[in-house]
Amino acid sequence: MSLFCSHRRNIFRLTVLIIGGILLFNEYLVYFFFSLTWPKVACGNIDKLHSVMLVADPQILGEKSEPFIARWDNDRYLRRSFATALRHVEPELIIFLGDLMDEGSIATDEEYQRYFQRFKDIFQLDYFPANKTVFAPGDNDIGGEDELVTDKKVNRFKQHFSSPTIYNLGRVQFVQVDKMQRVVPLLSPLSPNDNQTRVVISHMPLLGLPSAFAAEVLQKLRPQVILSAHDHKLARFSGDIETGERLTVDTSSDNWLANWQPSWRFQRSDHQTYEVVVPTCSYRMGVSDMGFGVALFDRRGEAWCYHVLWLPSRFHALILYLCVITVMLAAVVVTQCCLRPCRSRHKSALSYRFL
């Protein structure tokens, strides 16, 4: 009986070690192992590139609708996944494509300030040069879908997330447009001889949902590239710059396996534009696949590439924790039930010897 009880104790110790290993993997190692599957920061045989990291719909959770434990866990997931992706890409520029906060549009000034401090901590804004970040507002930040857009919301966003409307990175020019407010900057067309690439940044997709505003953007700005978010899922479109007409549609849901490691290369064109919808990086957005985008632009202005850095499922980890807790409780109950008769027999044996 003593040997049997000793065996049970060893099983309990092994269970504790397994639980510790699972915690270590889910909270730290999983990000490293996932990064091993990410594509290299390369665009074919092009040597000189501008690297841009794309962060879409992080929507840090708000205090009105989410408990502290949910906000804490989501913040940790975003922080660790972003830090891993940042080391992998080492970007020259980081573009946040809107919906930075889940409750930004409805938050009080005090709540907004707390959300902003959390956002800075998650995405290391104090350690990354301010002139290397671009922030586009989303409907959850200033309104536009379920809430009204107001001057107060827009000004509050600009005060906290100051960002230029036009940003130049070598031969690449990034231009922000705002579909919620129907804002299109007035710019002259780029000269075809300069091999410059104009990239439009929009929180809401333009070619994904063709509209008069999308046609206006294409005809006035004539961009070769459009980067957008909002839909939370990976997608790409092509459109005619002259007419604003959408030409092709390619969504990740059509072929999940082919899009697990998308490495798309596009040739610069003055007649056709390409839009990429970047997937969300938050596991709380109701989609199973989360990731960061990487856009790589040829310094000569001839081509560009796009990659996705897919992230591990947090819900799978939480489900695993639930299973492990169940097993752990069962092990504790079995061990305690086993040890009680062991102690009783041990006491009986001592009493018999004493007599």
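Can you compute the label reach from Asn131? Point 7 Å from Cα along the Cβ direction, backbone N cut-off under 17 Å, restricted to the range 151-194.
Zone members listed by number: 162-174.
Say each of His316 and Glu145 gets a label point 7 Å from the Cα, pointing the same way as Cα to Cβ; how far apart are those two points in nm?
2.6 nm
Build a GNM of the chain with springs between Cα atoms under 10 Å: which of Arg236, Arg87, Arg13 gets the top mean-square fluctuation?
Arg13
What is the spread of the Cα atoms of the chain along each of their three principal axes, largest first, in whole Å?
Extents along the principal axes: 106, 49, 36 Å.
How large, in percent, is the carbon and sulfur part of the accessible surface of the chain at a probe radius of 1.4 Å?
Numbers: 10160 of 17720 Å².
Here it works out to 57 percent.
Given the peptides 55-62, 16-23, arrange them by the average over their residues of other C-beta atoms within 10 Å, most packed first. Don't jump to the answer; show the numbers that get you there.
Values: 55-62: 24.9, 16-23: 12.6.
Final packing ranking: 55-62, 16-23.
Grab the DSSP H runs of the chain that are 4 residues or longer, score each as -39,500 (n - 2.57), total them, divide by all residues and round the 222 nm result to the nearest 500 deg cm²/dmol. Don't skip to the answer; put the middle values down first.
Working: 8 runs with 130 residues, N = 355.
My calculation for the chain gives -12000 deg cm²/dmol from helical runs alone.
How high is the relative contact order of the chain? Use alpha-carbon pairs under 8 Å, at least six apart in sequence, and give a whole percent.
Rounded, it is 20 percent for the chain.
Pairing the Cα long axis of helix 151-160 with the longest principal axis of the chain, what angle in degrees results, from 0 to 90 and rounded to the nearest 10?
70 degrees
Report relative contact order for the range 276-324 in percent, whole number only (criteria: Cα-Cα under 8 Å, sequence separation at least 6).
On the way: 55 pairs, mean separation 15.0, N = 49.
Reported as a whole number, the value is 31 percent.
Roll a 1.4 Å probe over the protein chains and send me the accessible area per residue for the chain in Å². Spell out each step's value before the answer.
Numbers: 17720 Å² over 355 residues.
I get 50 Å² per residue for the chain.
If R0 is 45 Å, what FRET efficiency do you get for Leu187 and Leu24 from their C-beta distance, rounded to 0.05? Show your work: numbers first, answer last.
Numbers: r = 51 Å, r/R0 = 1.14.
With R0 = 45 Å, the Cβ-Cβ based efficiency is 0.30.
Let's test the formula: R0 of 25 Å, r as the Cβ-Cβ distance of Arg114 and Met328. What FRET efficiency results, to the nearest 0.05?
On the way: r = 35 Å, r/R0 = 1.40.
E(calc), rounded to 0.05, equals 0.10.
I need the calculated FRET efficiency for the pair Glu216 and Arg76, taking r as the beta carbon distance and R₀ as 35 Å, to the nearest 0.05. Walk me through the numbers on the way to the answer.
Numbers: r = 42 Å, r/R0 = 1.19.
Efficiency for this residue pair is about 0.25.
How tilted is helix 212-221 with respect to the longest principal axis of the chain? Cα atoms for both, answer in degrees (0 to 90, nearest 10).
For 212-221 against the chain, the angle is about 70 degrees.
The values are calculated or read from the model by the stated rules, or taken from the named source; none is laboratory data. As the structure is a computational prediction, the values presented were derived from the model and not from experiment. Positions of Cβ are backbone-derived with ideal geometry, glycine not excepted, and every protein chain shown enters the neighbour counts. SASA here: full protein model, heavy atoms, side chains in, ligands and nucleic acids out. Shrake-Rupley method; radii C 1.70, N 1.55, O 1.52, S 1.80 Å.
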